[in-house]
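Undergrad: Mind having a look at this structure? Questions to follow.
The values are calculated or read from the model by the stated rules, or taken from the named source; none is laboratory data. Given the structure is predicted, the values throughout are model-derived calculations rather than measurements. With ideal geometry, Cβ positions are generated from the backbone for all residues, glycine too; neighbour counts draw on all protein chains shown. Accessible surface areas use protein heavy atoms only, side chains included; no ligands, DNA or RNA. Shrake-Rupley method; radii C 1.70, N 1.55, O 1.52, S 1.80 Å.
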Amino acid sequence: MATSFDTTCTTTSGNPGQKVLKEAGTRLAAALPYGMKAKGHGGQGGAAATPWIQVFEPSAGGTGTDGLYLAYIFAADLKTVALTLQQGVTVFSEQLKTRGRRLRTHVEVRAQSLLAELPQDLVTGWTDQPKFQHDGWRARAYEASSVAARCYDLAHLPTEEDLCADLGNMATILKAALAVEPHIEVVNAPEGPLVEYTSATHVTYEGLEGFRPKTSDDYYVQIAAREQRKKRVHEGLLKRFGPYILNRGFTPITERVHPRDLVLQAKNQEWLVEAKAVKKGNATQAVREAVGQLLEYRYFWYVQKGAPQPFLLGLFSEDIGVYAGYLENHGIGAIWRTSDGWAGSPSASAWGMTDAH
């Protein structure tokens, strides 16, 4: 295909390479893993700068505009081709309303997170970084969105048997990634994309002594004799908030307060804090969860123990809009990250927690 594809021709003119791409589904049928199909993409109207062949499992989604799928993507100079596990960049471009750096950062963060969740022995040898030799937005987005890949020099391709074996291995990686993907979501916080993975004695501290948020690395808990991997997007939010609130005269504590996210102390008073990431600009779910957990923790950790009741504070990754007034009506303050600092509800400002105070 590479030797016959002419990028200067239209898709309807005499271009032998386009014919090969259109016939990819039938040409590759015998070599594809069971249940998978192939479809060539040579452009619409004009020839694609980086022609590609999609390999997908119809029952699992992955249309080329959304979902996960495999693809052989040719570099613009037609000297190399990458077998890559791709994310549909078109849908992310539409959601983010950009084709530039923010799109590439979003899919790259998501790709790295997906790769980190896959078994190490499964992806060993599949960490090539494709370079498609073109400045078009799609080519650059394809580079950033690659979860796993192996690149081939078209002048020195492996044997057909080895290529089929590689495709079979990549099909296994695709299935593993499809199982992981529903549990990963990238939240576009002001400080940059963050990844969310779904899922007693009163002590006085000084300074940052008791402020030890969990890392963003994996940690393990034992449940029913099996390990479950957990990560928390709000750990990044807590890390940014801790030093800031310390400078405003509050002592942030995360050590020995589990399952509470954070406790603040100042002038013999205490604030119970619940951190939540706002997903896709919709604060509804984040606020509902924060209210439920704050009330629950206050009851079990303070009311039932006869301890002085704390002030309640919701900590959010971005502005929660009308929900600030809703929380105030329930006796809960709110503070959220902005592009240049921290803003909040009247209670948070009165407590001296916001930049605007």
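Undergrad: How do the strands (runs of 3 or more DSSP E) wholly within the stretch 168-268 filter down when requiring 2 or more residues that are within 14 Å of the chain's Cα centre (by Cα), modelled with pLDDT of 55 or more and not basic (K, R): which remain?
TA: Fully inside the stretch 168-268 and qualifying: 184-189, 192-197.
Undergrad: Which residue is modelled with the lowest pLDDT, if the candidates are limited to the stretch 39-61 and must be polar (S, T, N, Q) and either outside any helix (DSSP H, G or I) or closer than 18 Å to L78 by Cβ (or both)?
TA: By that ranking, first place goes to Q44.
Undergrad: Looking only at the stretch 77-107, filter to residues that are assigned to a strand (DSSP E or B) and of a type outside the set (A, V, I, L, M, F, W, C); which one of those is nearest to W126 (Cα to Cα)?
TA: T84
Undergrad: Another question about this same structure. It is to be established whether one or more residues within the stretch 276-296 are over 24 Å from V195 (Cα atoms) and modelled with pLDDT of 90 or more.
TA: yes
Undergrad: Still on this structure: Scan the stretch 84-123 residue by residue and report those that are surrounded by fewer than 19 Cβ atoms within 10 Å (Cβ to Cβ), polar (S, T, N, Q) and either in contact with an Asp or Glu (Cβ under 8 Å, 6 or more places away or on another chain) or more than 18 Å from A149 (Cβ to Cβ) (or both).
TA: Those that are surrounded by fewer than 19 Cβ atoms within 10 Å (Cβ to Cβ), polar (S, T, N, Q) and either in contact with an Asp or Glu (Cβ under 8 Å, 6 or more places away or on another chain) or more than 18 Å from A149 (Cβ to Cβ) (or both): T90, Q95, T98, T105.
Undergrad: Take the stretch 154-167 and flag every residue that is part of a helix (DSSP H, G or I) and either open to solvent by 50 Å² or more (accessible area, probe 1.4 Å) or among the hydrophobic types (A, V, I, L, M, F, W, C) (or both).
TA: L154, A155, H156, E160, E161, D162, L163, C164, A165, L167
Residue-by-condition table, conditions (1) surrounded by fewer than 22 Cβ atoms within 10 Å (Cβ to Cβ); (2) at pLDDT 95 or above:
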{"residue": "G321", "(1), (2)": "yes, no"}
{"residue": "A334", "(1), (2)": "no, yes"}
{"residue": "P346", "(1), (2)": "yes, yes"}
{"residue": "M353", "(1), (2)": "no, yes"}
{"residue": "H357", "(1), (2)": "yes, no"}
